[in-house]
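Only one structure is covered here, and it is reproduced in the block below.
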Amino acid sequence: MNNPYNNAKMQLKTVAKTLNLETHLFNQLLKPQKFHQTTLKIKLDNGKIKAFPAFRSQHNNSRGPYKGGIRYHPQVSIDEVKALSIWMSVKCATVGIPFGGAKGGIIVDPKALSQSELERLSRAYIHWLTPHLGSWIDVPAPDVNTNAQIMAWMLDEYEKTVGHQEPGVLTGKPVAIGGSLGREEATGLGGSFILTRLAKKLNLKPKTTTIAIQGFGNVGYWFAYFADKLGFKVVAASDSQGGIYVPEGLNPKLTLECKQDKGKIAGCYCVGSVCDLKKGKTITNADLLELNVDIIVPAALENVITKDNAQKIKAKAIIEMANGPVTPEADTILNQRGILSAPDVLSNAGGVTVSYFEWVQNNQGYYWEKAEVFKKLEVIIDQAFTAAWNVSLKQKVNLRTGAYLVAVDRIAAAMRLRGGNR
Ligand code: GLU
């Protein structure tokens with residue numbers, strides 16, 4: 001079994017040697033500074049009480065307040081949350097925004113809860129965590145299966161508990177209560193900035209470049225939307241129940257509408273000319289990754305490209321929009337096969353970067369136009385891509401290791417300046 005925490009530790013180990021990282025700093029980075037855990041008990045609509053294990057891992061705050069999303073999923077585990085918090089520290093440092101890393105999670109199938117049960121669970125989670133949160137302590141955000149509405153309930157609960165307004169304590173909020181314009185699209189848009197730069201390096205022309213996207217939630221959809229707008233050909237998309245392959249190219253907007261209508265992507269294709277989606281066929285999530293396309297984009301969960309399927313990948317490049325989709329063993333195989341993987345800490349960093357913009361706007365009480373948000377995002381992603389790319393060339397390592405070298409060097413520098421024992 002692939003343990004994401006072991007994977008994250010292995011990734012740190014890979015760069016510690018090159019950076020000559022002091023043992024005491026390396027050992028600190030291997031585990032979260034703080035780990036909170038509890039069992040939340042919620043009254044269901046039928047009057048029964050149900051218990052949900054819940055966690056928050058605060059990995060490192062040398063570069064700024066802890067930052068990272070909250071995930072609702074039946075497969076959430078302590079080790080997953082710890083790994084995700086390490087990846088957040090690395091991600092914030094890769095793009096150079098002044099945050100540390102954290103991640104939270106609840107073991108729950110949110111699709112099995114009613115809206116009011118979901119609200120009670122979200123409020124209970126944040127109520128429990130309130131003493132450990134604050135706009136200068138730890139700033140949560142959405143992650144898998146959480147969204148702006150959940151952030152709104154959480155902000156409301158937090159502010160009621162502390163007795164003052166503090167919009168900067170959470171990001172990914174609805175715009176009406178202090179969210180940033182462009183936060184919703186940010187992760188996908190950031191990924192599309194990586195796509196253009198990667199395509200240039202690989203000499204791929206948008207028009208003839210085919211893309212398959214695994215996962216069609218907020219991240220996968222907006223990635224598809226911007227890729228399509230840039231002229232790339234999105235030929236496959238999937239959700240947790242399977243997907244579609246449309247060789248002529250699919251329309252992201254129509255696909256989303258169809259998914260919302262049918263409840264899943266798998267039914268969204270038609271043979272013939274009566275409907276808008278062109279001729280296609282249904283495929284599994286495993287098939288999607290092995291399609292004969294130029295770029296695959298895992299945009300759902302971790303550990304989907306492993307040593308078992310890395311040999312079967314036909315794409316020239318991977319853009320990791322999920323966190324941790326490629327295991328270290330798979331990474332080695334992909335390297336040997338010359339398949340370039342743009343790492344998660346770079347590819348999906350658009351989300352946390354606009355979270356940073358949201359936090360800045362909240363703290364100054366002054367809000368920006370969407371165009372400004374997008375422009376500033378491109379500057380940050382461009383700088384991060386260039387830095388990671390150049391280091392990877394200089395050190396003769398892959399792009400992931402390049403990004404990690406940049407990031408861990410920045411974190412270690414902050415730790416040293418603070419005395420080295422944070
Ligand atoms: N959950 C997102 C991520 O993994 C966003 C985190 C944030 O905005 O703090 O990057």
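The values are calculated or read from the model by the stated rules, or taken from the named source; none is laboratory data. What you see is a predicted model; the values in this text were computed from it and never measured. Note that we place each Cβ from the backbone using ideal geometry, even for glycine, and neighbour counts take in every protein chain shown.
Some notes on this structure:
- Residue in region 367-387 that is closer than 21 Å to Lys316 by Cα and surrounded by fewer than 19 Cβ atoms within 10 Å (Cβ to Cβ) present: yes
- Matching residues in region 167-201 - criterion: being among the charged types (D, E, K, R) and more than 19 Å from Thr146 (Cβ to Cβ): Arg197, Lys200, Lys201
- Scanning region 98-124 for residues that are surrounded by 23 or more Cβ atoms within 10 Å (Cβ to Cβ) and among the polar types (S, T, N, Q) gives a single hit, Ser122.
- The residues of region 56-68 that are part of a strand (DSSP E or B) and more than 14 Å from Ala349 (Cβ to Cβ), listed by number, are Arg56, Ser57, Gln58, His59, Asn60, Tyr66.
- Against the test of being at pLDDT below 95, of a type in the set (A, V, I, L, M, F, W, C) and closer than 26 Å to Ala8 by Cβ, the options Val144, Val108, Val81 yield a single qualifying residue, Val144.
- Exactly one residue out of Phe35, Phe55 is in contact with a Ser or Thr (Cβ under 9 Å, 6 or more places away or on another chain) and surrounded by fewer than 20 Cβ atoms within 10 Å (Cβ to Cβ), and it is Phe35.
- Residues of region 328-370 that turn out to be closer than 20 Å to Ile213 by Cβ and more than 10 Å from the ligand (Cβ to nearest atom), as a count: 9
- Cβ-Cβ under 9 Å pairs, at least 6 apart or on other chains, region 393-422 side more than 16 Å from Pro343 (Cα to Cα), far side exposed (fewer than 13 other Cβ atoms within 10 Å of the Cβ): Met415/Asn421; Gly420/His24; Asn421/His24
- Boolean, Ile137 is β-branched (Val, Ile, Thr), on the phi < 0 side of the Ramachandran plot and out of contact with any Ser or Thr (no Cβ under 9 Å at 6 or more places or on another chain): yes
- Ala186 in a helix (DSSP H, G or I), away from the ligand (no atom under 12 Å from the Cβ) and modelled with pLDDT of 95 or more: no
- Some residue of region 87-97 being within 13 Å of the ligand (Cβ to nearest atom) and surrounded by fewer than 24 Cβ atoms within 10 Å (Cβ to Cβ): yes
- As a summary of the residue check, Ile380 satisfies the conditions (1) within 17 Å of Leu189 (Cα to Cα); (2) in a loop (DSSP other than H, G, I, E, B) except for the one numbered (2).
- Any hit, region 67-78, residues being within 22 Å of Met415 (Cβ to Cβ) and either within 16 Å of the ligand (Cβ to nearest atom) or surrounded by 15 or more Cβ atoms within 10 Å (Cβ to Cβ) (or both): yes
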